[in-house]
Amino acid sequence: MTSNGKRSAQSYLADFKADPTNAPLALYAGAALHEAGRIDEALAVWTLGDDANPALRSVRHHPQANQEMRALSTLADDEICRHFNTLYQTTLDRAETAAAGDGAMARLRDGVWLYYHQGPPVYRHRLQRPEIYYVPDLPATPIHPADSVQGAQAITAAFDAIAREYRAALADGAPSEPYVHAGTPGAQWRKLAGAADWSAMYLFYNAQKTENVEKFPETIAALENALLLQKDGGPIEVFFSRLKPGAHIPPHCGLTNTRLTVHLPIVAPDGCSIRVGDAIHEWRERALVAFDDSFEHEAWNKSGEERVVLIFEVHHPDLTAAERAAISNVYDAFDSWVASRTATLGMAGAGA
């Protein structure tokens, strides 16, 4: 559906390529390309427009929007959801073949990608609301025993070395940055956005080494015992989380229930605790704790000292090796498709 039947898909595409952040134009251009049977290009246009303005897909629900815009938004949303859910299932098909076993992906086939799911998902626990991906058949346990983390004993045995490296790096001026970046949306983050009240000394960030990592050889060696979440052969995220006296991390939920967040408390004064779902845990130095951050969680430092914990992420212990590999392959498939969009449209500068 287009606003002007005389305009060609190519004309709309040319206009969009000149103004790719124009979400209304993306709706019209995508619809024209879709009508012309150029589905891959339509999806690239719609998703680039959605990146620029997520209202592109939600206009369908706005009663004040005109009928044409609601219809265009509905088409875009339906097709985007169809595309990514199909990509998910075909990636699992390949994983099933690689696993050489019928039903190896049965649990994952019921997985829900929240951004591409139409209708409210059903969670196993009232306080479990992941932001991106949810596998309903995984056990819904807020806090897991430390021994559920592979390599937990070796990591806690290295506590003295890890703490020593942290203190040496701190004394040497190793940089930290606000964990909640300035400009982060959401009223609950207003107090922490861009503030040092909650800061992170990153060793790995978004699967990239930071300048700090060279100061932590024994820490990295200890973590090699765990099944860390990885991308391109490196940990996705490893950092020391620093919470100043009196600071409060407000209730929020993480990305998915297919991973656990692990804390090794380095400095844990009395009065420092975390709530995960309905469970409250008080940090204690050396005492590893693993939790499912798809549950609503919040944290406090009611002491007069800074609280410091080493944080890393591991796979949910209930996942099989085949399931872990399949989930990694899905993320790679999604990332690869997103990175291909500008090339699909013949736009300068390939990438997301």
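Just a few scattered comments:
- Test: residue in the range 292-308 that is touching a Phe, Trp or Tyr at 6+ places or on another chain (Cβ under 7 Å), assigned to a helix (DSSP H, G or I) and crowded, with 20+ Cβ neighbours inside 10 Å: no
- Qualifying residue in the range 194-217 (condition: among the hydrophobic types (A, V, I, L, M, F, W, C) and within 24 Å of residue 323 (Cβ to Cβ)): yes
- Within the range 239-257, the set of residues being closer than 28 Å to residue 125 by Cα and either open to solvent by less than 20 Å² (accessible area, probe 1.4 Å) or without any contact (Cβ under 8 Å) to a residue 24 or more places away in the chain (or both) comprises 241, 247, 249, 250, 253, 254, 256, 257.
- From 93, 78, 40, 50, residue being modelled with pLDDT of 95 or more, in contact with a Ser or Thr (Cβ under 6 Å, 6 or more places away or on another chain) and under 26 Å from residue 330 (Cβ atoms): 40
- Residues of the range 208-226 satisfying the condition of being over 20 Å from residue 167 (Cα atoms) and surrounded by 16 or more Cβ atoms within 10 Å (Cβ to Cβ): 225, 226
- Among the residues of the range 244-257, those that are of a type in the set (A, V, I, L, M, F, W, C), within 23 Å of the chain's Cα centre (by Cα) and either assigned to a loop (DSSP other than H, G, I, E, B) or at pLDDT below 95 (or both) comprise 253, 255.
- Selection over the range 311-327 of residues that are closer than 29 Å to residue 198 by Cβ and either in a helix (DSSP H, G or I) or without any contact (Cβ under 8 Å) to a residue 60 or more places away in the chain (or both) gives a count of 1.
- Qualifying residue in the range 116-139 (condition: closer than 17 Å to residue 239 by Cα and not small (Gly, Ala, Ser)): no
- Of all residues making up the range 172-205, the number that are in a loop (DSSP other than H, G, I, E, B), under 17 Å from the mean Cα position of the chain (by Cα) and at negative phi: 5
- Residues satisfying the criterion are absent from the range 1-21 (criterion: in contact (Cβ under 8 Å) with a residue 60 or more places away in the chain, in contact with a Pro (Cβ under 8 Å, 6 or more places away or on another chain), surrounded by 15 or more Cβ atoms within 10 Å (Cβ to Cβ) and in a helix (DSSP H, G or I)).
- Hits in the range 177-198 - residues which are in contact (Cβ under 8 Å) with a residue 60 or more places away in the chain, crowded, with 18+ Cβ neighbours inside 10 Å and not aromatic (Phe, Trp, Tyr): none
- Residue 160 being out of contact with any helix residue (DSSP H, G or I) (no Cβ under 9 Å at 6 or more places or on another chain), over 20 Å from residue 261 (Cα atoms) and either surrounded by 18 or more Cβ atoms within 10 Å (Cβ to Cβ) or among the aromatic types (Phe, Trp, Tyr) (or both): no
- Positions within the range 258-278 being out of contact with any Asp or Glu (no Cβ under 6 Å at 6 or more places or on another chain), in a loop (DSSP other than H, G, I, E, B) and either at negative phi or open to solvent by 10 Å² or more (accessible area, probe 1.4 Å) (or both), in sequence order: 258, 270, 271, 278
The values are calculated or read from the model by the stated rules, or taken from the named source; none is laboratory data. Note that the coordinates shown come from a computational prediction; the quantities given were computed from them, not determined experimentally. As a convention, Cβ positions derive from the backbone with ideal geometry for all residues, glycine included, and neighbour counts pool all protein chains shown. All accessible areas refer to the heavy atoms of the entire protein, side chains included, with ligands and DNA or RNA removed. Shrake-Rupley method; radii C 1.70, N 1.55, O 1.52, S 1.80 Å.
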